[in-house]
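For reference, the structure is listed below as structure tokens.
The values are calculated or read from the model by the stated rules, or taken from the named source; none is laboratory data. Since this is a predicted model, take the numbers as computed values, not measurements. With ideal geometry, Cβ positions are generated from the backbone for all residues, glycine too; neighbour counts draw on all protein chains shown.
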Amino acid sequence: MKYRSLHNADARLSEIGLGCASYWAKKIFSERTAQRIVHYAVACGITVFDTGSSYANGHAEQRLGRALRGLANRDDLWISSKVGTRVGAWGRLYKDFSERGIRHSVHNSLRALGLSRLPVLFLHGPNPEDFNDTTFGVLEDLQREGLVGLVGVNTFDDEIIRLTVASGRFQCLMTDFNVLKPDRGRLISELANGGLDVFVAAALAGGLYSRSFYRLYLPKHAWYWARALARQRPQLKQARGLHFLNQVPGWSAAQLALAFVLENPDPVCALIGTTSETHLSELAAVSGKKAPPEIMQKIQAANTA
Ligand SMILES: NC(=O)c1ccc[n+]([C@@H]2O[C@H](COP(=O)([O-])OP(=O)(O)OC[C@H]3O[C@@H](n4cnc5c(N)ncnc54)[C@H](OP(=O)(O)O)[C@@H]3O)[C@@H](O)[C@H]2O)c1
């Protein structure tokens, strides 16, 4: 596993991180398998684990906390979580960036994760009005109190990215960059060169271009399809232009997709989601492996044509 330096802390992070969200976090997905995946990730040299207070109705953080319990190197891991989305009655999600809401959420996250300090905290999908002195003040207090390390913003929205940078209050950003959004790479490089630590979310673009995405023999496949239909309809169509990724000898489509993200040296870490040790092992092997340049160019061209 290769490691990348942070701009805002004296540390190096694995260039691949495990997203502890989505199907991995669902109660219907086996707890034992979910924990095994975390332990296997640690064995592969992965040191970054991302989750969120509202993911799977709060179940994601608790599950990750149980998986981390007993790990000898738990304190060396970079666990990130999010504030600002609260789970209400019937699982409904509410935005809450109030001082009380942020504090309450951070204390709950620390308890669920079994940590005394959260290495990275992201505001989860803030709106422009959430960039205010109350938010900045409580984040600074939490850092001063030693409860939180780096603070950042998790957004896929260009305007919010602009506000994140303009505020000068954040050390990191989590945004999407993948084979279906290759142009994001340029912006990420600019932001990283300006001193922001950028974490890539959805680094595999949900795997929509992969032949295996079209299999439908497990409940998770139906769940991934339902998510794509709800949130990624245009990308499903766009992904058809990337089917050539399934025909490259020695590489799987997901490996090539991850290699495309890792080719950019500027983000600090690419987060991938998986419910399979086999998939994780395939992806971990991409770190440090040189992908065919003509395929990398073809990915860029497929999306800019
Ligand atoms: N997506 C978002 O909107 C979002 C927002 C904020 C943060 N994030 C962060 O980014 C992380 C990753 O995003 P994500 O989980 O949404 O999507 P992703 O990593 O882009 O894609 C996950 C999909 O890829 C499949 N996959 C993984 N390895 C594979 C392999 N080797 N071969 C074929 N398919 C493979 C997974 O299926 P299997 O389970 O079968 O492996 C799953 O369907 C999240 O967990 C979270 O930490 C994402």
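Please determine, by comparing only the residues of region 265-285 that are closer than 22 Å to K220 by Cα and part of a strand (DSSP E or B), which one is farthest from the chain's Cα centre (by Cα). Before you say what the answer is, go through the steps one by one.
We begin by selecting, within region 265-285, every residue closer than 22 Å to K220 by Cα; these are 271-284.
From the residues that got through so far, the ones that are part of a strand (DSSP E or B) too are 271-272.
Working: L271: 4, I272: 6 Å.
This residue is I272.
How about region 64-82: which of its residues are over 15 Å from L13 (Cβ atoms) and assigned to a helix (DSSP H, G or I)?
So the first thing to find is which residues in region 64-82 are over 15 Å from L13 (Cβ atoms), and the list is 64-72, 74, 81-82.
Within region 64-82, L64, G65, R66, A67, L68, R74 meet the criteria.
Residues that are under 21 Å from the mean Cα position of the chain (by Cα) and either farther than 26 Å from I28 by Cβ or near the ligand (Cβ under 10 Å from one of its atoms) (or both): does region 212-220 have at least one? Don't jump to the end; show me each part of the working.
Our first condition is that a residue be under 21 Å from the mean Cα position of the chain (by Cα); within region 212-220, this holds for 213, 220.
Narrowing the set further to residues that are either farther than 26 Å from I28 by Cβ or near the ligand (Cβ under 10 Å from one of its atoms) (or both) leaves 213, 220.
Within region 212-220 (the criterion being under 21 Å from the mean Cα position of the chain (by Cα) and either farther than 26 Å from I28 by Cβ or near the ligand (Cβ under 10 Å from one of its atoms) (or both)), the answer is yes, since at least one residue qualifies.
Could you tell me whether S80 is over 19 Å from V48 (Cα atoms) and not aromatic (F, W, Y)?
Working: over 19 Å from V48 (Cα atoms): no; not aromatic (F, W, Y): yes.
So S80 fails the test.
Quick check, is G52 within 18 Å of the chain's Cα centre (by Cα) and of a type outside the set (D, E)?
Working: within 18 Å of the chain's Cα centre (by Cα): yes; of a type outside the set (D, E): yes.
Considered against the rule, which asks whether it is within 18 Å of the chain's Cα centre (by Cα) and of a type outside the set (D, E), G52 comes out as yes.
Output the residues belonging to region 39-54 that are touching a residue at least 60 places away in the same chain (Cβ under 8 Å) and assigned to a helix (DSSP H, G or I).
Y40, A41
Which residues, counting only those in region 178-229, are outside any helix (DSSP H, G or I) and in contact with a strand residue (DSSP E or B) (Cβ under 8 Å, 6 or more places away or on another chain)? Before the answer, list the steps.
Of all residues in region 178-229, those outside any helix (DSSP H, G or I) come to 178-183, 194-204, 208-210, 215-218.
Correct list: N178, L196, D197, V198, F199, V200, A201, A202, A203, L204.
Are there any pairs with C-beta distances below 8 angstrom linking a residue in region 214-226 that is within 20 Å of A34 (Cα to Cα) and of a type in the set (K, R) to a residue that is exposed (fewer than 11 other Cβ atoms within 10 Å of the Cβ) and at pLDDT below 95, with the two at least 6 apart or on different chains, and if so which?
Hits for this filter: zero, empty list.
Give just the number: which of (1) surrounded by fewer than 21 Cβ atoms within 10 Å (Cβ to Cβ); (2) within 14 Å of the ligand (Cβ to nearest atom); (3) part of a strand (DSSP E or B) does H59 not satisfy?
The failed condition is (3).
Filter region 222-242 for residues that are in contact with a helix residue (DSSP H, G or I) (Cβ under 8 Å, 6 or more places away or on another chain) and either over 16 Å from T275 (Cα atoms) or not aromatic (F, W, Y) (or both) and give the result.
R227, A228, L229, Q232, Q235, L236, Q238, A239, G241, L242
State all residues of region 83-116 that are touching a helix residue (DSSP H, G or I) at 6+ places or on another chain (Cβ under 7 Å), among the charged types (D, E, K, R) and in a strand (DSSP E or B); if no residue qualifies, say none.
R86
Here's a check for you: in region 131-159, which residue that is farther than 20 Å from E99 by Cβ and within 18 Å of the chain's Cα centre (by Cα) is surrounded by the fewest Cβ atoms within 10 Å (Cβ to Cβ)?
Restricting attention to region 131-159, the residues satisfying the condition of being farther than 20 Å from E99 by Cβ are 155-159.
Narrowing further to those that are within 18 Å of the chain's Cα centre (by Cα): 155-158.
Values: T155: 22, F156: 15, D157: 15, D158: 11.
Ranking the qualifying residues of region 131-159, first place goes to D158.
Taking region 1-38, which residues are outside any loop (DSSP other than H, G, I, E, B), away from the ligand (no atom under 11 Å from the Cβ) and in contact with a helix residue (DSSP H, G or I) (Cβ under 7 Å, 6 or more places away or on another chain)?
As a first pass, look at region 1-38 and keep what is outside any loop (DSSP other than H, G, I, E, B): 3-5, 12-14, 16-19, 22-25, 31-38.
So of that shortlist, the ones also away from the ligand (no atom under 11 Å from the Cβ) come out as 3-5, 12-14, 31-32, 35-36, 38.
Once the filter is applied, which keeps residues that are outside any loop (DSSP other than H, G, I, E, B), away from the ligand (no atom under 11 Å from the Cβ) and in contact with a helix residue (DSSP H, G or I) (Cβ under 7 Å, 6 or more places away or on another chain), region 1-38 yields E31, Q35, R36, V38.
Let me spell it out: the conditions are (1) without any contact (Cβ under 8 Å) to a residue 12 or more places away in the chain; (2) away from the ligand (no atom under 16 Å from the Cβ); (3) under 17 Å from the mean Cα position of the chain (by Cα), and E190 meets all of them except one. Which number is the exception?
Only one criterion is unmet by E190, namely (3).
What residue, among those in region 1-23 that are polar (S, T, N, Q), more than 12 Å from the chain's Cα centre (by Cα) and crowded, with 16+ Cβ neighbours inside 10 Å, is farthest from D197 (Cα to Cα)?
Restricting attention to region 1-23, the residues satisfying the condition of being polar (S, T, N, Q) are 5, 8, 14, 22.
Adding the requirement that they be more than 12 Å from the chain's Cα centre (by Cα) leaves 5, 8, 14.
Going one step further and asking which of them are crowded, with 16+ Cβ neighbours inside 10 Å, we end up with 8, 14.
Working: N8: 7, S14: 13 Å.
Top of the filtered list is S14.
Looking for whichever is touching a Cys at 6+ places or on another chain (Cβ under 6 Å), within 13 Å of the ligand (Cβ to nearest atom) and under 21 Å from S14 (Cβ atoms) here; the options are F199, F177. Which one fits?
Working: F177 fails: touching a Cys at 6+ places or on another chain (Cβ under 6 Å).
Of the residues listed, the single one that is touching a Cys at 6+ places or on another chain (Cβ under 6 Å), within 13 Å of the ligand (Cβ to nearest atom) and under 21 Å from S14 (Cβ atoms) is F199.
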